[in-house]
Amino acid sequence: MNLSRRTVLVGGAAATAAAAAMSSGASAQNAAHFSLGYAPHEGSFRSRGNRLEQIAYAADMGFTAWEDNEAAGRSVAEQTAMANALQQRGMTMGVFVASMPRWSDFRPVLGADDDSDRQAFLTDIRASVDVAKRLNAKWMTVVPGFLDRKLPAEIQTGRIVDTMRRAAEIIEPHGLVMVMEPLNTLVNHPGVFLRTIPQGFAVARGADSPAVKVLADLYHEQIQAGNLINTMAACWDEIGYIQFGDNPGRDEPGTGEINYRNVVRWLRAKKFAGVIGMEHGNSIEGRAGEERLVAAYRAIDAA
């Protein structure tokens, strides 16, 4: 890969600034906010303490959002404490998973002849309204289940569109948005129904509701189809939320093949003002890995 002298200098300056801020114990008042709403999660800064201490540290480092896939399964007290911590630091709550798939059982199958999985899914969506209100959250992730190998894909698509429309009727009055997440089948999630952003676009158009959008997880899309910027451009009207993660490895930007500098430039040109979930691990364990994580985001944000 050919790097210009300016690119090297910008990346090096960003990494140096991030390291200096951390070594000096930067506060929320002296750490520059990132230009986009990158959202760490519990574990991104594990060495800094418990969940609330990690939120405080993320705010000190300039992050303005947070996400928590497992939030719906936490106690009301934990949900409330997290919401209060985010509000105190002026941070936006990102996604939580509204209806967790049963991965080992390859369920739910929302396009099947049997209606039981669809009813259970809608029950989860109803329960998620109260979770979202406690968290001051707008977005909730949904995975539209697994394929039924005995049924034509067109029939399953129609049933899933109908299910999303029924779910939208539950959450739309509350100003909430379900973001459907396409997942790759080649590395992580064989058998899932929703596999690409364009497929999610088609389901969202069919549901025809502002409460049903697509979660563009660029790690999954890179594996399954690639062509990330052109794909997002074509599907932009139905994309409600974005997640980053490099490939291979699903770690921070700069550890794999995705040019996140260009992705960030494109998102800024689109004036994207939403949340970008940091849906990945740290390539290095411990505090050194946390410092590298912040430096990686400073580098792509400086593009």
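Each reported figure results from applying straightforward, stated rules to the coordinates on display, with no laboratory input. Please read these numbers as outputs of a predicted model, since none were measured by experiment. For neighbour counting, all protein chains shown are included, and Cβ atoms are generated from backbone atoms with ideal geometry for every residue, glycine included.
Some observations on this one:
- Overall Cα dimensions of segment 225-303, principal axis frame, Å, largest first: 39, 25, 19
- With both residues required to sit in the chain, DSSP beta bridges show an antiparallel share near 10%.
- In this Cβ point-charge picture (+1 for Lys and Arg, -1 for Asp and Glu), the chain has a dipole of about 760 debye about its Cα centre.
- By the count of other C-beta atoms within 10 Å, a proxy for reagent exposure, Asp113, Asp301 are ordered fewest to most as Asp113, Asp301.
- Paired Rg and Dmax values of the chain, which use every Cα atom, in angstrom: 19.3, 60
- Packing around the peptides 146-156, 238-248, taken as the average count of other Cβ atoms within 10 Å per residue, puts them in this order, highest first: 238-248, 146-156.
- Residues of type lysines that Lys270 reaches as a straight line, Cα spacing below 23 Å, ignoring anything fewer than 8 places off in the same chain: Lys138, Lys213
- Segment 47-199 pair-distance distribution - Cα-Cα, 5 Å bins, rounded %: 2, 9, 17, 19, 17, 13, 11, 7, 3, 1, 0
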